[in-house]
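Below you'll find the structure, written out as structure tokens, and then a few comments.
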Amino acid sequence: MQLVIDPQGRVRSVYTEVLDLSSLGPLVIQRASWVEPDASGHWQADLSLAGGPTLGPFALRSDAVRAEEQWLAEHWLLTHTPHRR
């Protein structure tokens with residue numbers, strides 16, 4: 001799990017349950033993508049919410065999730081600027 005800490009001390013990551021992130025402060029969790037089955041029973045990772053492509057099809061959901069996590073880590077996590085509230 002990668003944690004990115006910006007100059008203001010805000011922490012960003014692709015959410016997993018490896019760490020209890022609430023120990024770092026109040027959480028804001030936003031969906032960046034989703035993994036869904038297609039009509040033929042294969043799996044696709046739709047990264048459009050993060051400005052990315054649709055990956056797949058994959059025979060196994062776990063492969064689609066792995067591809068989703070890898071794309072987010074490489075293309076979104078380090079470059080994404082969160083919305084200010």
*asked:* Just the residues that are under 13 Å from the mean Cα position of the chain (by Cα), part of a loop (DSSP other than H, G, I, E, B) and surrounded by 11 or more Cβ atoms within 10 Å (Cβ to Cβ), please, taken from the stretch 5-17.
replied: SER13, VAL14, TYR15
*Name the strands (runs of 3 or more DSSP E) wholly within the stretch 18-85 that hold at least 1 residues that are of a type outside the set (Asp, Glu) and under 20 Å from MET1 (Cβ atoms)?*
34-37, 43-46
*All positions within the stretch 37-81 that are among the small types (Gly, Ala, Ser), exposed (fewer than 14 other Cβ atoms within 10 Å of the Cβ) and at negative phi*: ALA39, SER40, SER48, ALA59, SER62
*Report whether or not SER22 is touching a Leu at 6+ places or on another chain (Cβ under 6 Å), among the small types (Gly, Ala, Ser) and at pLDDT below 95.*
no
*Which of the residues that make up the stretch 2-15 are without any contact (Cβ under 8 Å) to a residue 24 or more places away in the chain and at negative phi?*
LEU3, ILE5, ASP6, PRO7, GLN8, VAL11, TYR15
*asked:* Among the numbered criteria (1) in contact with a Gly (Cβ under 9 Å, 6 or more places away or on another chain); (2) under 11 Å from VAL14 (Cβ atoms), which one does GLN70 miss?
replied: (1)
*asked:* Cβ-Cβ under 9 Å, sequence separation 6+ or interchain: first residue in the stretch 52-66 and farther than 14 Å from TRP34 by Cβ, partner hydroxyl-bearing (Ser, Thr, Tyr) and modelled with pLDDT of 95 or more. Which pairs?
replied: PRO57/SER40
*asked:* Tell me whether the stretch 33-45 contains one or more residues that are of a type outside the set (Asp, Glu), in contact (Cβ under 8 Å) with a residue 60 or more places away in the chain and touching an Asp or Glu at 6+ places or on another chain (Cβ under 9 Å).
replied: no
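The values are calculated or read from the model by the stated rules, or taken from the named source; none is laboratory data. Here the structure is a predicted model, which means the values were calculated and not measured. All Cβ positions, even for glycine, are placed from backbone atoms using ideal geometry, and neighbour counts span all protein chains on display.
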